[in-house]
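Beneath this line is the structure, given in structure tokens, with notes to follow.
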Amino acid sequence: MAVTKTLCRINDIPDGGAIEVGVVSERDSIRDSLMLTRSGVAVRAYRNICPHAGRPLDWSPGQFLIEDGFVICTAHGAMFRLESGECVSGPCRGAHLASVAVESRGDEVVLESGE
Ligand code: FES
């Protein structure tokens, strides 16, 4: 059965920026870290894991290095396009961040899961 979880309000995400949100699985209580990013009313979510060496993308909890539509993994400098998650520069060029399906409902951002 599909379950929706409210992650945050849209305005919690700075336009052009990103925040970190933790989602705890009801099945196994494991916390999954997501990076939510916004461009206007468009919200995207990715797992907060770099495909290069599996490090979190944020250099400090919830602190992402964002420049001109890109997020940079501070571990080894991989640069990802926020609108697609594609790595355009760095050690995992051509790889993608793992996207997570979210949608805007009113002023909230919700996650739909299969739990
Ligand atoms: S872990 Fe992100 S660039 Fe290496």
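Take residues that are more than 14 Å from Y46 (Cα to Cα), at pLDDT 95 or above and within 16 Å of the ligand (Cβ to nearest atom) and tell me which of the strands (runs of 3 or more DSSP E) falling wholly in the range 61-115 contain 2 or more.
Output list reads 65-67, 87-89.
Does R9 satisfy the condition of being open to solvent by 50 Å² or more (accessible area, probe 1.4 Å), farther than 19 Å from V109 by Cβ and not hydrophobic (A, V, I, L, M, F, W, C)?
Against the criterion (open to solvent by 50 Å² or more (accessible area, probe 1.4 Å), farther than 19 Å from V109 by Cβ and not hydrophobic (A, V, I, L, M, F, W, C)), R9 does not qualify.
Checking D58 against (1) over 30 Å from T4 (Cβ atoms); (2) crowded, with 18+ Cβ neighbours inside 10 Å, which single condition isn't satisfied?
Evaluating D58 over (1) over 30 Å from T4 (Cβ atoms); (2) crowded, with 18+ Cβ neighbours inside 10 Å leaves (1) as the failure.
Any idea which of G40, G69, G77 is touching a Leu at 6+ places or on another chain (Cβ under 6 Å) and of a type in the set (G, A, S)?
One residue alone meets the criteria, G69.
Being among the β-branched types (V, I, T), surrounded by 13 or more Cβ atoms within 10 Å (Cβ to Cβ) and without any contact (Cβ under 8 Å) to a residue 60 or more places away in the chain is true for just one of I72, I30. Which residue is that?
I72
Can you tell me which residues in the range 39-55 are surrounded by fewer than 18 Cβ atoms within 10 Å (Cβ to Cβ) and near the ligand (Cβ under 9 Å from one of its atoms)?
Residues satisfying the conditions are H52, A53, G54, R55.
Can you tell me which residue within the range 31-87, out of those that are of a type outside the set (K, R) and touching a helix residue (DSSP H, G or I) at 6+ places or on another chain (Cβ under 9 Å), is farthest from A18 (Cα to Cα)?
Across the range 31-87, the extreme among qualifying residues is V41.
With the condition kept exactly as written, say whether any residue in the range 103-114 is touching a residue at least 40 places away in the same chain (Cβ under 8 Å), loosely packed, with under 14 Cβ neighbours inside 10 Å and of a type in the set (A, V, I, L, M).
no
Return the total of residues in the range 1-27 being in contact with a Ser or Thr (Cβ under 9 Å, 6 or more places away or on another chain) and free of Cβ contacts under 8 Å to residues at least 12 places away in the same chain.
Matching residues across the range 1-27 total 0.
Here is a yes/no grid of residues against (1) assigned to a strand (DSSP E or B); (2) closer than 19 Å to E103 by Cα:
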residue	(1), (2)
N11	no, yes
G22	yes, yes
L34	yes, yes
T37	yes, yes
V43	yes, yes
P51	no, no
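The values are calculated or read from the model by the stated rules, or taken from the named source; none is laboratory data. None of the values given here were measured: they were computed from a predicted structure. With ideal geometry, Cβ positions are generated from the backbone for all residues, glycine too; neighbour counts draw on all protein chains shown. These area figures cover heavy atoms from the full protein model, side chains too; ligands, DNA and RNA do not enter into them. Shrake-Rupley method; radii C 1.70, N 1.55, O 1.52, S 1.80 Å.
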